[in-house]
Amino acid sequence: MKQPKVSVGITVKNSVDTIFECIESIMKSSYPIYEILVVDAFSTDGTWEILKSFGKRIRALQKAGNVSVGRNEIIKQARGELIAFTDADCVVDRNSIEILVGALNEKGVVASGGPALTPDSASGFQKLIGRELEERFRYFPKYVQRLTLMNFCVRADTAKKNLIDERLAAAEDADFCYKISKKGKIVFNSQAVVWHAPRATLLGYFKQQMNYGKYAIQMYMKFKNRAGGDEISRPLMIVQPPLFSLGFFFLLLSYAFSNSLFLSEILFLLLGLIYLYDAIRLTINPVSILTYLGIFFIRTLAWSIGLLLGIKEIFLK
């Protein structure tokens, strides 16, 4: 049977510490890669020089813009029948692309993807964040509404007809998957693995999650029927920013209306119970549980601020 040609696409900006290993891992793939296409958003840290060092083994080009602009450029430029996406800070397992390509043999399937696991070299903080994401992957069904584009393969003809909204500097994976899921099934395969370390610092994690919140609200304005959550953004996660925002609102209101304090306490208690439930599901280590409670609070705060920034942008347009 003829093997379909696969274009592997990577968007990158200032990833000098990870891009070489990422490309090397793709080159070691058990599946014959037709081309590796890298779109660099004018890096200033030496990333572009590393890309050029690969010579004709990769197709490297520069284009200004956010991750959505870069991914769309990959889709437009790709010459393969299939497009496999990953991120510049990922290491792709040798068999991952072959597994993803195999999943597309099923009738009615337009895309496939797998989990992102945390490498052993990650710090303790990164492993805690990574464990929470891995726990979500554990319960994914075979067919999903969306997946992350750091470990994803899609039919090129489907992708070219459903480009990503370039206004989105985050949440572009949801935008893309929600579009193509109208054209066919998206398959999840837990054996197709990439290795990815989460943000290394609390500040970096906060900024990342705030960005998600900002662009998620803009994305959900387009896909209102998906706002109840999916396999990645579980319903219990979706309700956390509203609970926090309402709790904070009633706390402020209590300075004028003392009865509002009770409502604020109830909302924050409910939010805390959700945090505790999720933390205990992940670990029984008391120190780790307390750390998770802090991480979940920071994440909700970041989401809430991001949502407000996103709403502001929507109404200012």
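The values are calculated or read from the model by the stated rules, or taken from the named source; none is laboratory data. All of these numbers come straight from a predicted model, not from anything done at the bench. Note that each Cβ is placed from the backbone with ideal geometry, even for glycine, and that neighbours are counted across all protein chains shown.
Worth a mention:
- Residues satisfying the stated conditions in the range 303-317, i.e. assigned to a helix (DSSP H, G or I) and over 20 Å from Leu271 (Cβ atoms): Leu309, Gly310, Ile311, Lys312, Glu313, Ile314, Phe315, Leu316
- Counting only helices (runs of 4 or more DSSP H) that fall entirely inside the range 1-113 and contain at least 3 residues that are under 20 Å from the mean Cα position of the chain (by Cα), the qualifying elements are 19-27, 67-77, 96-103.
- Qualifying residue in the range 198-210 (condition: small (Gly, Ala, Ser), free of Cβ contacts under 8 Å to residues at least 40 places away in the same chain and more than 25 Å from Ile298 (Cβ to Cβ)): no
- Filter pass, Met237 being at pLDDT 90 or above, assigned to a helix (DSSP H, G or I) and within 19 Å of Arg167 (Cβ to Cβ): no
- Leading residue by the ranking (nearest to Asn151 (Cα to Cα)) among those in the range 198-222 that are part of a loop (DSSP other than H, G, I, E, B) and touching a Lys or Arg at 6+ places or on another chain (Cβ under 9 Å): Pro198
- For the range 1-40, the set of residues classified as in contact with a strand residue (DSSP E or B) (Cβ under 9 Å, 6 or more places away or on another chain), exposed (fewer than 15 other Cβ atoms within 10 Å of the Cβ) and either without any contact (Cβ under 8 Å) to a residue 40 or more places away in the chain or not assigned by TED's automatic domain parsing to the domain that holds Val154 (or both) consists of Glu24, Met27, Pro32, listed by residue number.
- All conditions but one from (1) assigned to a loop (DSSP other than H, G, I, E, B); (2) aliphatic (A, V, I, L, M); (3) without any contact (Cβ under 8 Å) to a residue 24 or more places away in the chain apply to Ile232; the one that does not is (3).
- Any chance Ala156 is more than 18 Å from Lys107 (Cα to Cα) and not charged (D, E, K, R): no
- Residue check, Ile280 closer than 17 Å to Leu128 by Cα, assigned to a helix (DSSP H, G or I) and modelled with pLDDT of 90 or more: yes
- Taking each residue of the range 157-179 that is among the charged types (D, E, K, R) and looking for partners that are outside any helix (DSSP H, G or I) with beta-carbon atoms closer than 6 Å, six or more apart or interchain, yields Glu172/Ile164; Asp173/Thr148; Asp173/Leu149; Asp175/Ile164; Asp175/Asp165; Asp175/Leu168; Lys179/Asn162.
Each row is one residue, and each column tells you yes or no for (1) of a type in the set (D, E, K, R); (2) modelled with pLDDT of 90 or more; (3) farther than 26 Å from Ile295 by Cβ.
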site	(1), (2), (3)
Asp173	yes, yes, no
Lys183	yes, yes, yes
Asn189	no, yes, yes
Tyr205	no, yes, no
Asn225	no, no, yes
Ile232	no, yes, no
Gly247	no, yes, no
Phe262	no, yes, yes
